[in-house]
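J.: First the structure, then my questions, so here it is.
Read-outs: derived from the displayed coordinates by stated rules, not from any lab. This is a predicted model, so every value here is computed, not measured. Ideal geometry is used to build each Cβ from the backbone, glycine not excepted, and the neighbour counts take in all protein chains shown.
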Amino acid sequence: MRRSAVRRVPRVEVPEDELSQLIISRVEAYRRDLDGRQGLPLLDMIVMAAERPLICWAMEQCGCNQRAAAKLLGINRNTLHTKLEMYGLLAESN
């Protein structure tokens, strides 16, 4: 006897905390401003918008110590270093 596949539909509730609501309102404003034009991929845009200032904050809190900042952020130091390069946040050394 063959079983029919059951499609599971996710139950999604939009969080009502202040940060979630801020993100949603900004995304809705961005989509309105596009006025039907194609925009940037939303997830990439939101992650980058949040990630860069968070990395800057962590580096400042840790006196620019990458190992300590990575620990604070809960990421690998090499991952932090890659992100610092990606965002142009590494100082030139002589």
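J.: By the gyration tensor of its Cα atoms, with a ≥ b ≥ c the square roots of the eigenvalues, what is the shape of region 18-86: rounded for a/c under 1.5, prolate for a/b over b/c, or oblate?
T.: It comes out prolate by the Cα gyration axes.
J.: Report the one residue of C64, G39, L19 whose Cα lies farthest in the direction of the positive end of the charge dipole of region 18-86 (charges on C-beta: Lys and Arg +1, Asp and Glu -1; origin at the Cα centre).
T.: C64
J.: May I pose another question? Calculate, in nm to one decimal, what V14 and C62 gain on full extension: separation in residues at 0.36 nm each, minus their alpha carbon distance.
T.: Once the chain is fully extended between V14 and C62, it gains 13.9 nm.
J.: Among 79-90, 32-43, 17-28, what's the highest-first ranking by average C-beta atoms within 10 angstrom per residue?
T.: Highest-to-lowest ranking by the protection proxy: 79-90, 17-28, 32-43.
J.: On a C-alpha basis, how far is the centre of region 63-86 from the centre of region 17-58 in Å? Whole number, if you could?
T.: 23
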